[in-house]
Amino acid sequence: MRLTVLGSAASYPDAGRACAGHLVTADGARVLMDCGNGVLANLGRVTDPTTLDAVFITHGHTDHFADLYALQAALRYAPAGALPPLPLYLPAGLFDRIASVLSVRGAQELAEAFEVRPLKEGEPVRVGGLCVTPRRVDHVDPTYALVAESDDLRLVYTSDTAYGAAALETARGAQVLLAEATLPPAYAGRAAHMTPAEAGDLAREADAGTLVLTHLWPTVDRAAAAREAGERFGGRVIVADELETIDIDR
């Protein structure tokens, strides 16, 4: 299994970065986890966006889905003609909200580009040899973390979440924990997000193998974030960087 970071910034993309987006590949399957601002441009640097097998959107904040509009254009207006609908998994009702800002024709084209399937708590989704299970976490209602498994390998993507029991239960035993670390230390507890130190605590308590920090506020000092998380975790810490690849192994 391989993780490729496509977007690591929180809320808005700072220079050279994109918002939430991560490509997970395993056994030939290509799955996109979140599709925020700027993700499609980075995706196109590592694979043809029209060859994705599925897209998962974790919740209804625009920095996690804004580039779905661009992806639908790639699918609908391919030079050889419109491609078959791409499976799109997201919280129930969110697709209608995404389409609501479009014209009638635009909403129809968006619907034609995707095969919409609702995420359900604890219900596994199989994409080729990859199994993705959504788990509710503490952010907006609903928000799903995603647990990706293949050949006894386990990647957990927290999406956006506060530190707590839901995140911990989801993160347990991950070879790679891809955890949000949005908040500077001074802002701990002021929003439903984690600080780097809290992400480190989560990784330690979950007995994770490697901690990858993502969804960092653009002004956060990334080197300091790595230190803060590492002091709490005591294991390998990576700060996500656009187009970085991380192999998940035992």
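The values are calculated or read from the model by the stated rules, or taken from the named source; none is laboratory data. Remember, predicted model here, so these are calculated numbers, not experimental data. Virtual Cβ from ideal backbone geometry, glycine too; neighbours counted across all protein chains shown.
Taking into account only those residues within the stretch 24-60 that are of a type in the set (G, A, S) and assigned to a loop (DSSP other than H, G, I, E, B), which is nearest to E121 (Cα to Cα)? Spell out the reasoning first.
Within the stretch 24-60, the subset of a type in the set (G, A, S) is 26, 28-29, 36, 38, 41, 44, 54, 60.
Cutting the leftovers down to assigned to a loop (DSSP other than H, G, I, E, B) gives us 28, 36, 38, 60.
Working: G28: 26, G36: 22, G38: 28, G60: 16 Å.
Looking at residues that are of a type in the set (G, A, S) and assigned to a loop (DSSP other than H, G, I, E, B), I get G60.
For L211, all conditions in the list (1) touching a strand residue (DSSP E or B) at 6+ places or on another chain (Cβ under 8 Å); (2) part of a helix (DSSP H, G or I) hold save one; what is the number of the exception?
(2)
If you go through the stretch 1-23 one residue at a time, how many are of a type outside the set (A, V, I, L, M) and either assigned to a loop (DSSP other than H, G, I, E, B) or over 15 Å from the mean Cα position of the chain (by Cα) (or both)?
Applying the first criterion (of a type outside the set (A, V, I, L, M)) to the stretch 1-23 yields 2, 4, 7-8, 11-14, 16-17, 19, 21-22.
So of that shortlist, the ones also either assigned to a loop (DSSP other than H, G, I, E, B) or over 15 Å from the mean Cα position of the chain (by Cα) (or both) come out as 8, 11-14, 16-17, 19.
Summing the residues that are of a type outside the set (A, V, I, L, M) and either assigned to a loop (DSSP other than H, G, I, E, B) or over 15 Å from the mean Cα position of the chain (by Cα) (or both) in the stretch 1-23 gives 8.
Can you give me the number of residues within the stretch 12-31 that are over 21 Å from V101 (Cβ atoms) and at pLDDT 95 or above?
Within the stretch 12-31, residues that are over 21 Å from V101 (Cβ atoms) and at pLDDT 95 or above number 9.
Evaluate the stretch 54-74: report whether one residue or more is among the small types (G, A, S) and touching a strand residue (DSSP E or B) at 6+ places or on another chain (Cβ under 6 Å).
If we filter the stretch 54-74 for residues that are among the small types (G, A, S), which is where we start, we get 54, 60, 66, 70, 73-74.
Narrowing further to those that are touching a strand residue (DSSP E or B) at 6+ places or on another chain (Cβ under 6 Å): 54.
Yes: one or more hits.
Yes or no: R190 modelled with pLDDT under 95, in a loop (DSSP other than H, G, I, E, B), closer than 25 Å to A26 by Cα and out of contact with any helix residue (DSSP H, G or I) (no Cβ under 8 Å at 6 or more places or on another chain)? If you could, list the steps in order and put the result at the bottom.
Numbers: modelled with pLDDT under 95: yes; in a loop (DSSP other than H, G, I, E, B): yes; closer than 25 Å to A26 by Cα: no; out of contact with any helix residue (DSSP H, G or I) (no Cβ under 8 Å at 6 or more places or on another chain): yes.
Judged against the criteria, R190 is not a match.
Tally the residues that are more than 20 Å from V5 (Cβ to Cβ), at pLDDT 95 or above and among the small types (G, A, S), restricting the search to the stretch 129-166.
4
Tally up the residues in the stretch 219-240 that are surrounded by 15 or more Cβ atoms within 10 Å (Cβ to Cβ) and part of a loop (DSSP other than H, G, I, E, B), please.
3
Residues in the stretch 165-174: is at least one part of a helix (DSSP H, G or I) and hydroxyl-bearing (S, T, Y)? Outline the logic, then answer.
To start, the set of residues in the stretch 165-174 that are part of a helix (DSSP H, G or I) comprises 165-171.
Those still in the list that are hydroxyl-bearing (S, T, Y) too: 170.
Yes; the residues of the stretch 165-174 include at least one that is part of a helix (DSSP H, G or I) and hydroxyl-bearing (S, T, Y).
Name the one entry in D96, D63 that is in contact with a Cys (Cβ under 6 Å, 6 or more places away or on another chain), closer than 28 Å to H139 by Cβ and either outside any strand (DSSP E or B) or touching a residue at least 12 places away in the same chain (Cβ under 8 Å) (or both). Steps first, answer last, please.
On the way: D96 fails: in contact with a Cys (Cβ under 6 Å, 6 or more places away or on another chain).
The match here is D63.
When the stretch 173-205 is examined, which residues are found to be aliphatic (A, V, I, L, M) and within 13 Å of Y157 (Cα to Cα)? Please lay out each step first, then the result.
Just the residues of the stretch 173-205 that are aliphatic (A, V, I, L, M), to begin with: 174, 176-179, 181, 183, 186, 188, 191-192, 194, 197, 199, 202-203.
Of everything in the stretch 173-205, those that are aliphatic (A, V, I, L, M) and within 13 Å of Y157 (Cα to Cα) turn out to be A174, V176, L177, L178, A179, A181, A199, L202, A203.
So which pairs qualify, if the first residue must be in the stretch 82-93 and outside any loop (DSSP other than H, G, I, E, B), the second must be loosely packed, with under 14 Cβ neighbours inside 10 Å, the Cβ gap must be under 7 Å, and the two must be at least 6 apart or on different chains?
L86/E115; P87/E115; L88/E115
Which residues, counting only those in the stretch 66-78, are assigned to a loop (DSSP other than H, G, I, E, B) and in contact (Cβ under 8 Å) with a residue 12 or more places away in the chain? Spell out the reasoning first.
Start the filter on the stretch 66-78 by keeping residues that are assigned to a loop (DSSP other than H, G, I, E, B), which leaves 66-67, 77-78.
The answer is A66, D67, A78.
Run D53 past the list (1) in contact (Cβ under 8 Å) with a residue 40 or more places away in the chain; (2) under 29 Å from L183 (Cβ atoms) and report the number of the one that doesn't hold.
With respect to (1) in contact (Cβ under 8 Å) with a residue 40 or more places away in the chain; (2) under 29 Å from L183 (Cβ atoms), D53 is out only on (2).
Step by step: first the residues of the stretch 29-84, then only those that are polar (S, T, N, Q) and within 19 Å of G128 (Cβ to Cβ), then the one that is surrounded by the fewest Cβ atoms within 10 Å (Cβ to Cβ). Which residue is that?
Taking the stretch 29-84 and keeping what is polar (S, T, N, Q), we get 37, 42, 47, 50-51, 58, 62, 72.
Adding the requirement that they be within 19 Å of G128 (Cβ to Cβ) leaves 47, 50-51.
On the way: T47: 14, T50: 13, T51: 9.
Out of the qualifying residues, it is T51.
Does the stretch 133-164 hold any residues that are assigned to a loop (DSSP other than H, G, I, E, B), more than 13 Å from the chain's Cα centre (by Cα) and in contact (Cβ under 8 Å) with a residue 40 or more places away in the chain, and which are they?
First, pick out the residues of the stretch 133-164 that are assigned to a loop (DSSP other than H, G, I, E, B): 137-143, 151-152, 158-164.
Add one more test, that the residue is more than 13 Å from the chain's Cα centre (by Cα), and what stays is 137-142, 151-152, 162-164.
If the condition is that a residue be assigned to a loop (DSSP other than H, G, I, E, B), more than 13 Å from the chain's Cα centre (by Cα) and in contact (Cβ under 8 Å) with a residue 40 or more places away in the chain, then D138, H139, V140, P142, D151, D152 are the ones that fit.
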